[in-house]
Amino acid sequence: MLRRILARAIPLTSASFIGLPKPLNSLLIGAARLATSSGDPVADDDGGDGGEDDPFSFPDHHHQQLPPDVAQGVDAVVAAAEAKASNAADAARALERCGAEASEPLVVAALARLRNSCGAAHAAFRWAMAQSGYAPGRRASHSMLAILAKHRRFDDARALLDEMRRASTASPAAVLLLIRRHCAARDVAGAVATFRALPSFGFHPGVAEFHGLLSALCRYKNVQDAEHLLMSSQKEFPFETKSFNIVLNGWCNIICSVREAKRFWSAMQNLGIDRDVLSYGSMISCFSKSGSLDSVMKLFNRMKEAGIAADRKVYNAVVFALAKGRCVDEAKMLVQTMEEKKVAPDTATYNSLIGPLCKARQVQEAMEMFDAMLQRGLSPSVRTFHALLNVARSPIEVFDLLDKMKELYCDPEMDTYIMLIRKFCRWKQHESVEKLWSAMPANGLRPDRSAYIVLIHGLFLNGRLEAAAKYYEEMKDKGFSPEKKTEEMIQAWLAGKELAKASASVRSKGGSVSLRLPRK
């Protein structure tokens, strides 16, 4: 049955295709900076939103482009703010003595480096605001707003947004940023209230802003709330395909519920909502993720019968489903079909092959796809390397891949380091863990709360208790709150250490010690 479906989906003209086609153009790898986006063929696509802090992404390499005197000022501000991050008053005094002069480039670069420590970033921003001759510009204000919102300091974020309104530096995108962070905190009421407050900032909540709200709700798994909001807002925002596609994509690619996706797909038909290539793409992606290759191919054929031409996202999802279903030859043939249809394969197309091959432990075939990708002049993404790093079998292989990332200008992300710290802790490769940890700053990254927690747990479970306690104290000094489990784990060890020390002291004096703990 599946063979017949595959035969309909993949034209016979591709039946003799054995390997991947030769590159159409030979491009010099490394001539331009490579992409670091996920490139996931079945990744979340919630209606055109960018990353969670877009359009105010932090310039990790901006510091390297600053004039020497400004760069020195950034170093001084960051050092002063980080040293006293846990105490706002001490941080303010340290910043006053740092000798730097506030300017927009300095503040933006300092906030980029301090973004994982909200207390330190806020102290630096307040210090800059207090300097004579400097008023925060739109970029600095937006950066600070992003940091406050990311760390769920919503009262401070709203106060800053009010100040931005008075300084005419607010924008609908800044309000949407705050909406997204409310959604991330599962604060649906706060997100909707912020959307309704747009007129107070001088902005009209139009269809684009409504789509932004729906996208934010779906991105952070509040899809049921997004659907309710969509259905109850018909008078204000009449039904249209794009609105429904956002919610459909939420069920398909965020919640990944085939049952809910099918229900909403039927609702679109019942309401007379036209279904376009994005609608089909979401459903095909959902079936692809669930491993239902038969459903993927049936819907793919039905879409073609409806006269809807597949786009790259649809092709990539089908390639992914085929590769995941061990139909690698058919997946390669579909890549050839894409080119025949003038739909050029991209990084995500190859990720669709490399990811499933790595999961199936077909590492040699995955590396062949990786080499073919480079021969085409395509840019591997962080996701490409994550798939390969996941199946690396030794520290040598890991560091060879990291060197390859550096060679191809594909910078590791915080998730890369967290994944590898876990791997090295499992392997009991403590020197490699330290090497990775010290390499973060060179890539413009500062360890965040998640990185500290993973490191501390890994060290603790490997019996490196003193090192775990050291990083625990360092994490707290930087203003990161530990997880309850981490707190209990470290405190229990410290209590045991103190008890053992007391016991040894008593024994040395010829006495005895009670091991009973005092009642609370």
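The values are calculated or read from the model by the stated rules, or taken from the named source; none is laboratory data. This structure is a prediction, so every number in the text was calculated from the model and none was measured. Please note: Cβ atoms are built from the backbone with ideal geometry, for glycine as well, and neighbour counts cover all protein chains shown. Remember, those area values only see protein heavy atoms, side chains included, never the ligands or the DNA or RNA. Shrake-Rupley method; radii C 1.70, N 1.55, O 1.52, S 1.80 Å.
Just give me the residues in region 345-368 being in contact (Cβ under 8 Å) with a residue 40 or more places away in the chain and within 21 Å of Ile308 (Cβ to Cβ), in sequence order.
Asp346, Ala348, Thr349, Ser352
Please indicate, with yes or no, whether at least one residue in region 207-218 is part of a loop (DSSP other than H, G, I, E, B) and out of contact with any Ser or Thr (no Cβ under 8 Å at 6 or more places or on another chain).
no
Of all residues in region 201-211 being over 23 Å from Asp276 (Cα atoms) and in contact (Cβ under 8 Å) with a residue 24 or more places away in the chain, which is most open to solvent (accessible area, probe 1.4 Å)?
Gly202
Identify all residues within region 99-114 that are farther than 18 Å from Leu148 by Cα and either open to solvent by 30 Å² or more (accessible area, probe 1.4 Å) or touching a strand residue (DSSP E or B) at 6+ places or on another chain (Cβ under 9 Å) (or both); write none if there are none.
Gly99, Glu101, Ser103, Glu104, Pro105
Please count how many residues of region 263-321 are over 19 Å from Asp346 (Cα atoms), surrounded by 24 or more Cβ atoms within 10 Å (Cβ to Cβ) and of a type in the set (S, T, N, Q).
Looking only at that region, the number is 0.
If you take the residues of region 212-224 that are free of Cβ contacts under 8 Å to residues at least 60 places away in the same chain and open to solvent by less than 70 Å² (accessible area, probe 1.4 Å), which of them is nearest to the chain's Cα centre (by Cα)?
Tyr220
Can you name the residue in region 225-262 that is of a type in the set (Ser, Thr, Tyr) and assigned to a helix (DSSP H, G or I) and, of all such residues, is most open to solvent (accessible area, probe 1.4 Å)?
Only one residue tops the list, namely Ser232.
Take the residues in region 448-492 that are assigned to a helix (DSSP H, G or I) and in contact (Cβ under 8 Å) with a residue 40 or more places away in the chain, then tell me which one is surrounded by the fewest Cβ atoms within 10 Å (Cβ to Cβ).
Asp477
With the requirement that a residue be more than 12 Å from Lys406 (Cα to Cα), in contact with a helix residue (DSSP H, G or I) (Cβ under 8 Å, 6 or more places away or on another chain) and part of a helix (DSSP H, G or I), what does region 371-385 give you?
Correct list: Ala372, Met373, Arg383, Thr384.
Please work out which residue is farthest from Phe125 (Cα to Cα), limiting yourself to region 163-175 and to residues that are in a helix (DSSP H, G or I) and touching a Ser or Thr at 6+ places or on another chain (Cβ under 9 Å).
The residue in question is Val175.
Residue check: is Asp311 of a type in the set (Asp, Glu), farther than 30 Å from Leu445 by Cβ and at pLDDT below 95?
No; evaluated as a whole, the condition is false for this residue.
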